[in-house]
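To start, the structure under review is shown below, and the notes come after it.
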Amino acid sequence: MKSGVLRTTFALAFGLCVSSAFAVDACKDEMTKARGSEHRVNGNQTGSINGTPWGFEQWSQGGSNSMSYFDNGTFKANWSNNQDFLARVGYRYGDNGSGVDHKTKYYTVDYKYTKTGNAQYGYIGIYGWTVNPQIEYYIVDDWYSKPSEAYIGPKFGEITVDGAKYTIHAFLRDQEPSKTGTSTFVQFFSVRATPRQCGHIDISAHFKKWDELFHGQTANLPTSKQGKKDATLKFGRVTEVMLMTEAGGNATGSVDYSYFDMTDAGTPSEVIPPKDIERKPYKGTAAAIPGTVEAENFDEGNEGATYNGAQGASGDDGDHNYRGEDYSSVDIVNAGDGKAIGYTAVDEWLEYTVEVAKDGEYEIEANVANGSGSGTVELSLDGKALVSLPFEGNTTEDWNSYELAKGKATLTAGKHTLRITIATANTNVDYVKFTLPGGGDITPPDNDSTLALVSTLRLNDLGGTYQVFDMQGKFLGKVKVAAGASLKAAVKARFQGAGVYLVKRGNFMQRIAVK
């Protein structure tokens, strides 16, 4: 499965509105104020909506588009073949550049909309700018392609509010278009873990959290020109707070907001403090060595303690339920008949409690994939470097072609903490296997009665992916077999050598003699 450096087309995801303490439920209620007259916006234009405290803006780069707003603040738009398009409605504080102290007001919005189309990227939610310093900010509730850390920067924290967790990021735009012309400025992002198309956003809760996280310190941020630069992180005085749809990258689509109610005198939502998750092995059992450590089964615990994730998976790619909401920044994808870690970034890491049975020099094989080229996975044990595992990868954008990255290291018996670190972005990791020469983790059947028992399972009639070992228990690789096809023929074709092999699927094993 491809790691998400490039923005990819997103299949529409319809979020469920979460009930809250607020009397209004935009997902179910109708607007109390009639929509009123339709007002067409011409070209790139800003203005005010008569009879309301709100303004509007339409802006586009390339292609064709149109936007209309209504007397009650709802709006709609459509666009075609746009490099970048945005339509938004909300508070605008003029063009004098002084802004408003966001601590003196409390912003919230209730909204509901539908969308169509596709785009290489798109942010849907709250948008605005600040001055002193100049910051571009987003609260992202939905998207056309889920924002990747390659474009929104590393994670600095999180907030759980309005029924979901949002991860908080910062990125540096280096000499890019801004409110003051071409300039260098920081972007702040809060990105919702699960997308939705209606609900309540406590905007000021995000402002407050950004104030806590970003209070004038210097950070080395990735930039739009590649590389990294030092930047000052501080949220300034807001010049606009608007509900927005943005779509870009040869984007074509439409949006229609049927519910819109924004206020600067709102009521705070409940902000749920981060959960304190006890550190322990996945499902309470340490991974055995010799044996296979499945990458997706990293230790349970808080981010920063047992893992450091990198948000990147797009839309409905991958398995978002395997580890649940608490681990949403780690992207788990399908790999053969199992799972793997995907959509990775440089320095993403995961830790595993392992139990080493015996001292010795182990052969180590990591099953990895990277469709953008060669790379490396780093292993450490108890905080000390263990081994680097290089691999060839490919440049065909095929993240389903896995290969073995191999190395050796000396381990001592006992319980340890193994860390897998991604040294090359976009690397998928399926598993890491440890074999002690002369004694593997697979015990061959030792008598004919056992063989007779497993043969009644008729593995040969089951389609799927099988692990293949030699008679000493050394893992050789995997074969995929269609239901009813010859397992023996598949093994012979894959390994091209006569001999006796052990073939395993799940808890069942069978001996295969190839002539």
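Report the residue count in the range 189-244 for those that are closer than 27 Å to ALA77 by Cβ and under 24 Å from the mean Cα position of the chain (by Cα). Steps first, answer last, please.
Going residue by residue through the range 189-244, those that are closer than 27 Å to ALA77 by Cβ are 189-204, 206-207, 224, 238-244.
Next, only the ones that are under 24 Å from the mean Cα position of the chain (by Cα) stay: 189-203, 206-207, 224, 243-244.
The total comes to 20.
Looking for something over 25 Å from MET31 (Cβ atoms) and in contact with a helix residue (DSSP H, G or I) (Cβ under 8 Å, 6 or more places away or on another chain) - is there at least one such residue anywhere in the range 93-102?
Checked against the condition, which is being over 25 Å from MET31 (Cβ atoms) and in contact with a helix residue (DSSP H, G or I) (Cβ under 8 Å, 6 or more places away or on another chain), the range 93-102 yields at least one hit.
Residue by residue through the range 450-469, note down the ones that are surrounded by 17 or more Cβ atoms within 10 Å (Cβ to Cβ) and either hydroxyl-bearing (Ser, Thr, Tyr) or modelled with pLDDT of 70 or more (or both).
TYR466, GLN467, VAL468, PHE469
Among the residues that make up the range 10-19, is at least one of them at pLDDT below 90, crowded, with 19+ Cβ neighbours inside 10 Å and over 16 Å from LEU243 (Cα atoms)?
The answer is yes, given that some residue of the range 10-19 is at pLDDT below 90, crowded, with 19+ Cβ neighbours inside 10 Å and over 16 Å from LEU243 (Cα atoms).
I need the full set of residues from the range 224-252 which are on the phi > 0 side of the Ramachandran plot and touching a Gly at 6+ places or on another chain (Cβ under 9 Å), in order please.
If the condition is that a residue be on the phi > 0 side of the Ramachandran plot and touching a Gly at 6+ places or on another chain (Cβ under 9 Å), then GLY249, ASN250 are the ones that fit.
Scan GLY249, GLY253 and give me the residue that is at pLDDT below 95, out of contact with any Pro (no Cβ under 7 Å at 6 or more places or on another chain) and not assigned by TED's automatic domain parsing to the domain that holds ASP319.
Unique residue meeting the criteria: GLY249.
With the condition being under 30 Å from ARG35 (Cβ atoms) and at pLDDT below 95, I'd like the strands (runs of 3 or more DSSP E) fully within the range 94-192 carrying at least 1 qualifying residues.
Answer list for the range 94-192: 108-118, 121-131, 135-145, 164-178, 181-192.
Test PHE75 against the criterion of being under 28 Å from the mean Cα position of the chain (by Cα), within 20 Å of ARG40 (Cβ to Cβ) and assigned by TED's automatic domain parsing to the domain that holds ALA170, and give yes or no.
Judged against the criteria, PHE75 is not a match.
Identify the single condition in (1) assigned to a helix (DSSP H, G or I); (2) at pLDDT below 80; (3) more than 30 Å from GLU361 (Cβ to Cβ) that ALA489 does not satisfy, given that it satisfies every other one.
Among (1) assigned to a helix (DSSP H, G or I); (2) at pLDDT below 80; (3) more than 30 Å from GLU361 (Cβ to Cβ), ALA489 violates only (2).
How many of the residues in the range 173-199 are buried (at least 23 other Cβ atoms within 10 Å of the Cβ) and closer than 20 Å to GLY157 by Cβ?
Total meeting the criteria: 6.
Any idea which residue in the range 27-82 is surrounded by the fewest Cβ atoms within 10 Å (Cβ to Cβ), counting only those that are in contact (Cβ under 8 Å) with a residue 60 or more places away in the chain, closer than 21 Å to MET262 by Cα and hydrophobic (A, V, I, L, M, F, W, C)?
Ranking the qualifying residues of the range 27-82, first place goes to MET31.
The values are calculated or read from the model by the stated rules, or taken from the named source; none is laboratory data. Remember, predicted model here, so these are calculated numbers, not experimental data. Glycine also receives a Cβ, built like all others from the backbone with ideal geometry; neighbour counts cover every protein chain displayed.
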